[in-house]
Each structure stands twice: as C-alpha cells, then as structure tokens.
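Everything on this sheet refers to the single structure shown next.
The values are calculated or read from the model by the stated rules, or taken from the named source; none is laboratory data. The shown structure was predicted, so the numbers you read here are calculated from the model rather than taken from an experiment. Please note: Cβ atoms are built from the backbone with ideal geometry, for glycine as well, and neighbour counts cover all protein chains shown. Heads up: the accessible areas ignore ligands, DNA and RNA and are worked out on the full protein's heavy atoms, side chains in. Shrake-Rupley method; radii C 1.70, N 1.55, O 1.52, S 1.80 Å.
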Amino acid sequence: MRRPARLAPGARVAVVAPSGPVPEERLQAGLDVLRGWGLDPVVGRHVLDRHGEFGYLAGGDADRAADLQSAWCDPAVDAVICARGGYGVQRMVDLLDWEAMRAAGPKAFVGFSDITALHQAFAVRLGLVTLHGPMAAGVDFVKSARAQDHLRATLFSPETVRTVRSDGAALVPGRARGVTLGGCLSLLAADLGTAHARPSARGGLLCLEDVGEETYRLDRYLTQLSRSGWLDGVRGLLLGSWARCEPYDGVRALLADRLGGLGVPVAEQFGFGHCDDALTVPFGVTAELDAGAGTLTLDEPALS
C-alpha cells in the first residue's frame with residue numbers, strides 16, 4: 001500500500017459528500033475547525049445538494065461522484081475529507097474513473113460509516129492507505145476535542161499516533177500481525193462480491209463497528225461474512241463502537257459467539273466508529289495487535 005504525504009499548514013483539503021445530505025451549520029463548524037488547523041478547505045459543488053426524490057442522498061449519484069473525482073484529480077488538493085456518511089456510496093462508486101484517479105497520485109482520504117465502501121475501493125483500485133476517521137460535518141467531530149486532536153495528529157504528525165489504545169479488555173487474548181482494514185460491519189457485508197471490494201480479510205487485522213443495529217442483524221452480517229469465506233485467514237480483530245445497538249452485554253455475547261471460534265486475538269472497545277471522541281485508525285498499514293494490552297501499534301506512520 002502507498003502512503004500519502006502528511007499535511008502541513010496551508011495545505012488545501014477538499015470536503016465532499018459521497019453519501020447523505022449535509023447540514024449547512026455543521027459543515028460550517030467543521031470548516032472552521034479545519035481553518036483553525038491552518039488548512040485551506042474547499043467545498044465540492046454539490047455538497048449541500050439534496051436528491052429531488054430520495055431525501056437520504058446528498059444530490060444525484062453522478063454529481064456526488066463528480067465532486068469526489070474532481071477533488072481527487074485536482075493537483076492543488078492535498079487531501080479529501082468526507083462531510084458525513086449516511087447512505088449513497090454504493091450508488092456512486094461505479095461511476096468513478098479509477099484510471100484517472102490512479103493517475104492523479106496519492107493523497108490523504110478520511111471518512112467512516114458509509115465511506116467503508118470507498119475505503120475498500122481505494123485499497124483495491126488505488127492501493128492506498130486511507131484514514132478511518134471522523135468527518136468534517138459530523139457532530140462527533142465538531143463537538144469533540146479528542147476526535148479533532150487525534151485526526152489532526154494523524155494528518156500532520158502521524159509518527160506521534162503510531163499506537164492506538166483500547167478502553168476495554170480482550171475478548172480473545174493474544175498477539176497478531178497483519179494489515180489493517182475494515183470499517184462498518186453492515187457495509188462490509190453489503191460490499192461482498194462487488195467489483196471494488198477486498199476479496200477477503202486474509203492476512204488482515206480487521207476493524208469492525210456499527211450503529212443502530214439490532215443484535216440479530218449484527219449476527220446476520222457476521223454470519224454472512226463467515227459463510228462467504230471472507231473471514232478465512234484473518235489474523236486478528238479490533239472492535240470499535242456499537243452505538244445505539246442493543247445493550248452491550250448482548251452484543252458482546254454475539255461477538256464472542258461469532259468471532260471467538262476464529263482462533264485469533266479479538267480486542268474490544270477500541271474507540272473508533274460511531275462514538276463520542278472517535279479515534280482515527282489508518283487502513284492499509286502493517287501493524288501489531290496486542291489484545292491483552294489493548295494496543296494496536298503501526299509499523300510505520302500512516303502518512304509519509
């Protein structure tokens with residue numbers, strides 16, 4: 001995987017909305033944060049659009065794809081940060097010109113939730129390290145100093161955040177080495193068999209989280225990944241937040257049931273995903289997981 005360059009004051013970052021509609025007041029608050037870091041944020045033409053028929057989309061599929069591709073292929077743009085998640089990436093990802101984006105070269109890319117499908121595509125089509133982290137118009141970003149500080153450190157001085165620490169215990173103790181990958185569980189299940197998805201998690205340290213799902217649905221997603229063979233050869237698992245799911249004791253029992261038999265370390269409560277103060281986790285970097293100690297240590301900084 002190629003590591004994009006780190007940012008420096010004055011860097012131009014593009015904010016795009018590949019998924020759901022963006023509240024203007026939160027977008028402005030997020031842009032103010034980025035400006036406070038000394039960055040020069042520019043907003044895609046269609047970021048504040050709303051689809052005429054489907055209100056859960058930030059404008060038309062072709063327009064959302066055009067904003068992302070235009071930002072990525074602009075040589076003056078140093079990084080692309082998604083405005084928010086929701087739903088919509090799977091409707092637009094096939095409209096991107098991956099040859100043109102590959103020719104444009106690497107740059108930092110940030111997002112999570114529905115952006116999971118783009119993390120997969122950027123790995124498969126572009127071979128890039130990406131950042132699973134808070135988004136510019138996310139309430140979890142604009143109201144959280146911890147989330148802001150961790151993303152800022154990852155973008156500007158990534159050597160200072162090579163170790164990510166868990167707030168919980170090991171579901172299955174042990175150590176494992178592999179390449180970080182993953183994202184939102186339901187999106188990984190939905191991405192199975194598509195042209196831009198990873199063929200499997202083999203050799204990986206798989207990061208999983210989700211939001212607002214009943215336990216039986218989490219069961220279904222995990223069982224689907226397992227039955228498809230996608231989990232074969234995974235080296236270890238890191239579990240993030242399960243916000244607005246059912247009480248964690250029940251979710252934890254399910255995770256132990258579905259993942260405990262894989263024979264690999266499983267660490268929980270790593271503080272990434274749909275939660276307050278969410279941490280940024282790079283995808284595509286070789287790292288070591290120590291489930292007992294609750295640490296993920298990257299072999300090298302996420303950005304060069």
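Over the chain, what is the relative contact order in whole percent, taking alpha-carbon pairs under 8 Å and six or more residues apart? Averaging sequence separation for qualifying contacts and normalising by length gives 21 percent for the chain.
Among rounded, prolate and oblate, which fits the stretch 163-298 when a ≥ b ≥ c are the square roots of the eigenvalues of its C-alpha gyration tensor, a/c under 1.5 means rounded, and a/b larger than b/c means prolate? It comes out rounded by the Cα gyration axes. Heavy-atom surface analysis with a 1.4 Å probe gives the chain a carbon and sulfur content of 46 percent of its accessible area. Each of Asp61, Asp249, Asp114 has its accessible area taken with a 1.4 Å probe; listed largest first, they run Asp249, Asp61, Asp114. Taking every DSSP beta bridge that has both ends in the chain, the antiparallel portion is near 40%.
Per q in 0.15 Å⁻¹, report the Debye log10 I(q)/I(0) for the stretch 53-117, using one uniform scatterer on each alpha carbon and no solvent. Calculated log10 I(q)/I(0) at the listed q: -0.46. Remark: the Thr215-Arg202 segment gains 2.1 nm on full extension, using 0.36 nm per residue and subtracting the alpha carbon distance. Take the Cα of Arg102, step 7 Å toward its Cβ, do the same at Tyr56, and the gap between the two points is 3.3 nm. Summed over qualifying helices (DSSP H, 4 residues or more, each -39500 (n - 2.57)) and divided by its residue number, the chain shows a 222 nm mean residue ellipticity of -8500 deg cm²/dmol.
Give the calculated FRET efficiency between Gln224 and Ala169 to the nearest 0.05, with a Förster radius of 41 Å applied to their Cβ-Cβ distance. The calculated FRET efficiency here is 0.90. Relative intensity of the stretch 32-161 on a log10 scale, I(q)/I(0) at q = 0.09, 0.16, 0.18 Å⁻¹, equals -0.25, -0.82, -1.06, per a Debye sum over C-alpha point scatterers of equal strength in the absence of solvent. Share of pairwise Cα-Cα distances greater than 26 Å in the chain is 39 percent (whole percent).
The label-point distance for Thr160 and Asp40, in a model that sets each label 7 Å from Cα toward Cβ, rounds to 2.4 nm. A Gaussian network model of the chain, with springs between Cα atoms under 10 Å, assigns the largest mean-square fluctuation among Gly20, Gly59, Gly263 to Gly263. For the pair Ala5 and Glu300, label points projected 7 Å from Cα toward Cβ lie 1.7 nm apart.
Rounded to the nearest 20 debye, the dipole magnitude of the stretch 12-160 is 260 debye, with +1 charges on Lys and Arg beta carbons, -1 on Asp and Glu beta carbons, and the Cα centre as origin. A 1.4 Å probe run over the chain, with the rest of the protein chains in place, finds 38 Å² accessible per residue.
For the stretch 108-154, the percent of C-alpha pairs falling in each 10 Å distance bin, counted from 0 to the bin holding the largest distance, reads 27, 49, 22, 2. Solvent-accessible area of His274, all protein chains in place: 40 Å² (probe radius 1.4 Å, heavy atoms, ligands and nucleic acids excluded).
For the stretch 163-298, relative contact order (Cα pairs under 8 Å, six or more residues apart, normalised by length) works out to 41 percent.
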